[in-house]
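Before any comments, here is the structure.
The values are calculated or read from the model by the stated rules, or taken from the named source; none is laboratory data. Keep in mind that this is a model prediction, so the values were computed, not measured. All Cβ positions, even for glycine, are placed from backbone atoms using ideal geometry, and neighbour counts span all protein chains on display.
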Amino acid sequence: MASAYGSDEIWEVFDDSIVRIRVAPERWITYGVDPCPYPEPLFGVTGWNPGEERPLDDNERANDRLAERLRAEGIEHVDAVGSAPDHSWSEPGFVLIGTDRATALRLAREFGQLAIHEMTRGRLGVVKTGITTPDAE
């Protein structure tokens, strides 16, 4: 994945990704493969690697700040992981429930993200935030 940052290849990586969503303490589903119990649309957002790879500690702190922001704004969310289908890379984050695209994009931009995942009708899409260079919160 590191080689994709800063190049157009990153969009191919995003387009090919999968999202796993926590639906119970020990149960995860793969969106678009398994039945999803949450009302759609859903939005995948992370604080991880905002357009460039960062150290693990920085990523964990950013995701913690994102979780705090979601709680403060009263946005329902569950743990999620976006990854390559072969799991050669993965990034933890959150699936937002009962919100809209504008809110998800605003949060993603605040955390320097290039894109979000939008999930509806079993389809996983990528929505660009408009950020073109790494500039995390």
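Based on what the data block shows, is G6 modelled with pLDDT under 95, touching a Gly at 6+ places or on another chain (Cβ under 9 Å) and under 17 Å from T129 (Cβ atoms)? Yes; evaluated as a whole, the condition is true for this residue.
For the range 92-137, name all the residues that are among the charged types (D, E, K, R) and either crowded, with 20+ Cβ neighbours inside 10 Å or assigned to a loop (DSSP other than H, G, I, E, B) (or both). Those that are among the charged types (D, E, K, R) and either crowded, with 20+ Cβ neighbours inside 10 Å or assigned to a loop (DSSP other than H, G, I, E, B) (or both): D100, R121, D135, E137. Under the condition of being within 15 Å of F94 (Cα to Cα) and either touching a Gly at 6+ places or on another chain (Cβ under 7 Å) or loosely packed, with under 15 Cβ neighbours inside 10 Å (or both), the residues counted in the range 48-58 number 2. Flag: A67 does not match the condition of being among the small types (G, A, S), in a helix (DSSP H, G or I) and touching a Lys or Arg at 6+ places or on another chain (Cβ under 9 Å). In the range 81-91, the qualifying residues are those that are in contact (Cβ under 8 Å) with a residue 12 or more places away in the chain and part of a strand (DSSP E or B), and the one that is surrounded by the most Cβ atoms within 10 Å (Cβ to Cβ) is G82.
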